[in-house]
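Just so it is clear, none of the values below were taken in a lab; they were calculated from the coordinates. From a predicted model like this one, the values you see are computed outputs, not experimental measurements. Don't worry about glycine lacking a Cβ; one is built from the backbone with ideal geometry, like all the others, and counts go over all protein chains shown.
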Amino acid sequence: MDYEQFKIKEFDCWSLYLHQNQYSYLGRCYASARREEANLVTEINIYEAIELTIKIIPSWYKAISRLYGASTPNVAIFGNEWPHLHTHLIPRFKDKKEYYGIEFVDPNPQGNYSPYPKREIQLEILLKIKEDIGKLL
């Protein structure tokens, strides 16, 4: 998989990508630290922390709220499967949404986002979502 095709924007310390699994969370993204040696959340530096919390998360949430009406932002940092400092940005929705000809339903809007149903979305739609978010950042 060519993950670079999903890059939305590069910041000083982070790169923001559209997450491939858009179903059920339209506008789901992740930010990856640009520092190659950053592997664990405990290795985040002050510049990365500030940029992530003051700039990236608020601007991402503002964009997906305008585009898709997200009601709540969720942020998760695990590091279980990919040993590199990154954070998941998961929009939550109280009501079902229909965009790009697909109905998106948050299966547990008041609880944990995982586990969730997965559905493959065509590459052309993923790239359109990426483009739409990128225009507002």
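What the table below lists for this structure:
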quantity: Members of the range 88-101 that are charged (D, E, K, R) and either touching a helix residue (DSSP H, G or I) at 6+ places or on another chain (Cβ under 7 Å) or in contact (Cβ under 8 Å) with a residue 40 or more places away in the chain (or both); calculated: ARG92, LYS97
quantity: Lone unmet requirement of (1) in contact with a helix residue (DSSP H, G or I) (Cβ under 7 Å, 6 or more places away or on another chain); (2) under 12 Å from LEU26 (Cβ atoms) for LEU136; calculated: (2)
quantity: Hits in the range 56-99 - residues which are closer than 18 Å to ASN39 by Cα and touching a Ser or Thr at 6+ places or on another chain (Cβ under 8 Å); calculated: VAL75, ALA76, ILE77, HIS84, LEU85, HIS86
quantity: Some residue of the range 50-62 being touching a residue at least 40 places away in the same chain (Cβ under 8 Å), more than 16 Å from the chain's Cα centre (by Cα), surrounded by fewer than 15 Cβ atoms within 10 Å (Cβ to Cβ) and closer than 25 Å to TRP14 by Cα; calculated: no
quantity: Qualifying residue in the range 9-17 (condition: surrounded by 12 or more Cβ atoms within 10 Å (Cβ to Cβ) and in a loop (DSSP other than H, G, I, E, B)); calculated: yes
quantity: Members of the range 20-46 found to be within 19 Å of LEU137 (Cβ to Cβ) and assigned to a helix (DSSP H, G or I), listed by number; calculated: none
quantity: Filtered residues of the range 1-17 (kept if over 13 Å from the mean Cα position of the chain (by Cα) and over 12 Å from LEU126 (Cβ atoms)); calculated: GLU4, GLU10, PHE11, ASP12, CYS13
quantity: Unique residue being without any contact (Cβ under 8 Å) to a residue 40 or more places away in the chain, within 16 Å of the chain's Cα centre (by Cα) and more than 13 Å from LEU18 (Cβ to Cβ) when the list is PHE78, PHE104; calculated: PHE78
